[in-house]
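Novice: Handing you a structure now.
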Amino acid sequence: MRHPPSFRARRALVSFLTAALAALVPFTVAVPARAAVAPSPSSAAAAAAGAGYWHTDGRKLLDAQNQPVRMAGINWFGFETSNYVAHGLWSRDYRSMIDQMKTLGYNTIRLPYSDDIFKGTQPNGISYANGLNADLQGLSSLQVMDKIVDYAGSVGLKVVLDRHRPDSSAQSALWYTSAVPETTWIADLKTLAARYQGNTAVIGIDLHNEPHDPACWGCGDTSTDWRLAAERAGNAVLSVNPSLLIFVEGVQTVNGLSGWWGGNLAGVAAAPVRLNVADRLVYSAHDYATSVAQQPWFSDPSFPANMPAVWDKYWGYIFKQNIAPVWVGEFGTTLQSTVDQKWLAALVDYLRPTGTYGADSFNWTFWSWNPNSGDTGGILKDDWQTVDTVKDGYLASVKAPGFTGGGGGGDTTAPSTPTGLAVTGTTASSASLSWKASTDDTGVTGYDVYRGTTKAGQVTGTSFTDTGLTAGTRYDYTVRARDAAGNTSAASASVTATTTGTGGSSGCKATYKVSSDWGSGFNADITVTNTGTSTTRSWQVTWEWPGSQTISSMWNASYSQVGRTVTASNADHNGTIAAGASTGFGFGAAPGGAGSPVLSCRAG
């Protein structure tokens, strides 16, 4: 079935305006998040895998030490748009985003771009307020990409570069246009291969996003045969860097069988891609739900039981017949319809749970990290901070162990861990800290100070004062050092500061709601309402668990847990609440069945 003409344009043409409008639309889902499946002993043993460049062995991906690896990642788009840079940097620091991806269990980033970035484009839509993205100022789009790649590699994430469009205006059916001929496409691919040669954070290049009609597979017409074009481009990339993986997507129609753009790899059986370097080919499929477009299989009476046979026909057979690894480079949905919820649950099962199969599984990168994808939404909600825990929860069973850090090129040595962190003074609303300087092979450029799990600030010296705190309240702090390459040290030992004065027991109230509980764990949301007559500067919520519950992650707040007692404090962006207004935060914890604890709320 041919997609409606607006299909890809709606998803690709995103901007500040779409993000702002999306915030006005209620987001609802019906299926609870599922607990993460603990990796089997074999997959747990692979937790340190991922070093160096990768290669293939039949349907498996192997690292430089021949350890099997599974890509379980996320798409972070923006370089392919007229912002010429990954989106969301208008709200957050790029390192904070990458850190959050890692914390959520994603181990790979697919980074779309257009050929416009090779024209010296300057990124727009980056905030530098309050020290955000300070090291990106004045850089070109490609130089910002360098920073993202190097930081991702330094914390153990791998990157696949995705040639998403010829230019920032729109997706193209073929790999070339009148304005961007094939020669430019191949030259730019070779430029990337050379730029990141030796940087093992970049494991490969996705040659072109979603070829579709009139693109064919194996028809022999060099102007439309995507299989032949992929061979030309793939071999050109490997002539520069023979260690890279070459990711080749499908087309739309093969011998009258039509499907998703880029999602039809049925032609591989008769006409496989031939590369000059062995064990470097990965086939990539895209698959979507009804929030993107309708397909006949969604209305089949047997849906969703019919879906494994559909996937087998289009791309799954390549994996099952041990031809090559298969990477589902894009799949996503708003999850607003029951059909979409069933589709995603079925697809996740088809991709093979890590706890059962380890790395002998399909690889994947979910679309998308960004909330401003018009027909799928993202893992983040519209504030670019809050995690959609239901959507993320669907992916829990197919996430995989992270990789070892230090994958970036150039300087990959992190600074030494800061020592001697101490509280040098407190007031009713502030805490002052100092520590000993770290060392680094090329020099320390700054320090990130964390209040619980929230970054309280960043400085170039060895002291910091955290302000806007609540009187009579305990806060826990750690410090990390950074160098010019974006390498980050381990966290220092933590210290506790207690502000002076008496913390109030009024000024706000907090309400507690369990959003999902699957027995071994649960997610909950807490709403904080300002009950005073003036705007708050900060707030803190405390409670005591009735049992052995332990928080595993928290969003829109920082926290500490001592025994059964949890103390949650506002994040940087939501401490200010107008009189009568509310904000919220959420968390995941285990085990389930905790009930609703008694909450205490204090506003500052």
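Novice: Before we move on, is Asp448 closer than 24 Å to Gln540 by Cβ, assigned to a loop (DSSP other than H, G, I, E, B) and acidic (Asp, Glu)?
Specialist: no
Novice: I'd like to know if the stretch 298-306 contains one or more residues that are surrounded by 18 or more Cβ atoms within 10 Å (Cβ to Cβ) and farther than 20 Å from Gly262 by Cβ. Step through it out loud before you land on a result.
Specialist: Going residue by residue through the stretch 298-306, those that are surrounded by 18 or more Cβ atoms within 10 Å (Cβ to Cβ) are 298, 304.
Next, from what is left, pick out any that are farther than 20 Å from Gly262 by Cβ: 304.
Yes: one or more hits.
Novice: While we're here: Note down all Cβ pairs under 6 Å where the first residue falls in the stretch 270-287 and is under 21 Å from Arg110 (Cβ atoms) and touching a residue at least 12 places away in the same chain (Cβ under 8 Å), the second is assigned to a loop (DSSP other than H, G, I, E, B) and open to solvent by 30 Å² or more (accessible area, probe 1.4 Å), and they're at least six residues apart or on different chains.
Specialist: As it stands, the answer is Leu281/Leu275, since those pairs meet every condition given.
Novice: Next up: Which one is nearest to the chain's Cα centre (by Cα) among residues in the stretch 318-336 that are open to solvent by 10 Å² or more (accessible area, probe 1.4 Å) and farther than 12 Å from Tyr283 by Cβ? Working first, answer last.
Specialist: Of all residues in the stretch 318-336, those open to solvent by 10 Å² or more (accessible area, probe 1.4 Å) come to 320-323, 334, 336.
The next check asks that each one be farther than 12 Å from Tyr283 by Cβ; those that pass are 320, 322, 334, 336.
Numbers: Lys320: 28, Asn322: 29, Thr334: 16, Gln336: 21 Å.
Checking each candidate, the answer is Thr334.
Novice: Shifting gears a bit: Taking the stretch 351-388, which residues are touching an Asp or Glu at 6+ places or on another chain (Cβ under 9 Å) and open to solvent by 20 Å² or more (accessible area, probe 1.4 Å)?
Specialist: Those that are touching an Asp or Glu at 6+ places or on another chain (Cβ under 9 Å) and open to solvent by 20 Å² or more (accessible area, probe 1.4 Å): Arg352, Lys381.
Novice: Oh, and also: Those residues that are open to solvent by less than 30 Å² (accessible area, probe 1.4 Å) and closer than 28 Å to Gln561 by Cβ, I need them from the stretch 439-451; list them, please.
Specialist: Tyr447, Asp448, Val449, Arg451
Novice: Being open to solvent by less than 10 Å² (accessible area, probe 1.4 Å) and among the aliphatic types (A, V, I, L, M), is that true of even one residue in the stretch 216-228?
Specialist: Scanning the stretch 216-228, I find no residue that is open to solvent by less than 10 Å² (accessible area, probe 1.4 Å) and among the aliphatic types (A, V, I, L, M), so the answer is no.
Novice: Can you tell me which condition Ala270 does not meet? The list is (1) in contact with a Gly (Cβ under 7 Å, 6 or more places away or on another chain); (2) closer than 21 Å to Glu210 by Cβ, and all the others hold.
Specialist: (2)
Novice: Also, quick follow-up: For Thr583, all conditions in the list (1) more than 31 Å from the chain's Cα centre (by Cα); (2) open to solvent by 20 Å² or more (accessible area, probe 1.4 Å) hold save one; what is the number of the exception?
Specialist: Evaluating Thr583 over (1) more than 31 Å from the chain's Cα centre (by Cα); (2) open to solvent by 20 Å² or more (accessible area, probe 1.4 Å) leaves (1) as the failure.
Novice: Separate question: Of all residues in the stretch 169-197 being assigned to a loop (DSSP other than H, G, I, E, B), in contact with a helix residue (DSSP H, G or I) (Cβ under 8 Å, 6 or more places away or on another chain) and at pLDDT below 95, which is surrounded by the fewest Cβ atoms within 10 Å (Cβ to Cβ)?
Specialist: Gln197
Novice: Can you name every residue in the stretch 506-529 that is open to solvent by 40 Å² or more (accessible area, probe 1.4 Å) and more than 21 Å from Ser600 (Cα to Cα)?
Specialist: Asp517, Trp518, Gly519, Ser520
Novice: Let me ask something else. Give me the residue from the stretch 83-118 that is in a helix (DSSP H, G or I) and of a type in the set (Phe, Trp, Tyr) and, out of that set, farthest from Ile148 (Cα to Cα).
Specialist: Phe118
Novice: Here is a further query. Taking Asn276 and the conditions (1) open to solvent by 40 Å² or more (accessible area, probe 1.4 Å); (2) in a helix (DSSP H, G or I), which numbered condition does it fall short on, given that it satisfies the others?
Specialist: (2)
Novice: Continuing with the same structure: Sort through Gly125, Gly131, Gly120, Gly88 and tell me the only one that's at positive phi and surrounded by 19 or more Cβ atoms within 10 Å (Cβ to Cβ).
Specialist: Working: Gly125 fails: surrounded by 19 or more Cβ atoms within 10 Å (Cβ to Cβ); Gly131 fails: surrounded by 19 or more Cβ atoms within 10 Å (Cβ to Cβ); Gly120 fails: surrounded by 19 or more Cβ atoms within 10 Å (Cβ to Cβ).
Just one listed residue meets the conditions, Gly88.
Novice: Related question: Could we say that Gly586 is part of a strand (DSSP E or B), touching a residue at least 60 places away in the same chain (Cβ under 8 Å), in contact with a strand residue (DSSP E or B) (Cβ under 9 Å, 6 or more places away or on another chain) and farther than 23 Å from Ser429 by Cβ here?
Specialist: So Gly586 passes the test.
Novice: Could you run through the stretch 229-256 and say how many residues are part of a loop (DSSP other than H, G, I, E, B) and either out of contact with any Leu (no Cβ under 6 Å at 6 or more places or on another chain) or open to solvent by 10 Å² or more (accessible area, probe 1.4 Å) (or both)?
Specialist: Counting residues in the stretch 229-256 that are part of a loop (DSSP other than H, G, I, E, B) and either out of contact with any Leu (no Cβ under 6 Å at 6 or more places or on another chain) or open to solvent by 10 Å² or more (accessible area, probe 1.4 Å) (or both) gives 7.
Novice: Also: Which one of the conditions (1) open to solvent by 40 Å² or more (accessible area, probe 1.4 Å); (2) of a type in the set (D, E, K, R); (3) outside any helix (DSSP H, G or I) does Lys147 fail to meet, given that it meets all the rest?
Specialist: The single condition Lys147 does not satisfy is (3).
Novice: With the requirement that a residue be within 15 Å of Gly131 (Cβ to Cβ), surrounded by fewer than 16 Cβ atoms within 10 Å (Cβ to Cβ) and modelled with pLDDT under 85, what does the stretch 456-478 give you?
Specialist: Within the stretch 456-478, Thr467 is the sole residue that qualifies.
Novice: Among the listed residues Ala481, Ala491, identify the single one that is open to solvent by 30 Å² or more (accessible area, probe 1.4 Å), more than 30 Å from Gly507 (Cβ to Cβ) and either in contact (Cβ under 8 Å) with a residue 60 or more places away in the chain or under 24 Å from the mean Cα position of the chain (by Cα) (or both). Lay out the reasoning, then the answer.
Specialist: Details: Ala481 fails: open to solvent by 30 Å² or more (accessible area, probe 1.4 Å).
Answer to the selection: Ala491.
Novice: Among residues belonging to the stretch 530-565 that are more than 16 Å from Ala594 (Cα to Cα) and open to solvent by 60 Å² or more (accessible area, probe 1.4 Å), point out the one that is modelled with the lowest pLDDT.
Specialist: Val562
The values are calculated or read from the model by the stated rules, or taken from the named source; none is laboratory data. Because the structure is predicted, anything quoted here is derived from the model rather than measured. Neighbour counts run over all protein chains shown; Cβ positions are idealised from the backbone, glycine included. Each accessible area value is taken on the protein alone, full model and side chains, heavy atoms only, with ligands, DNA and RNA left out. Shrake-Rupley method; radii C 1.70, N 1.55, O 1.52, S 1.80 Å.
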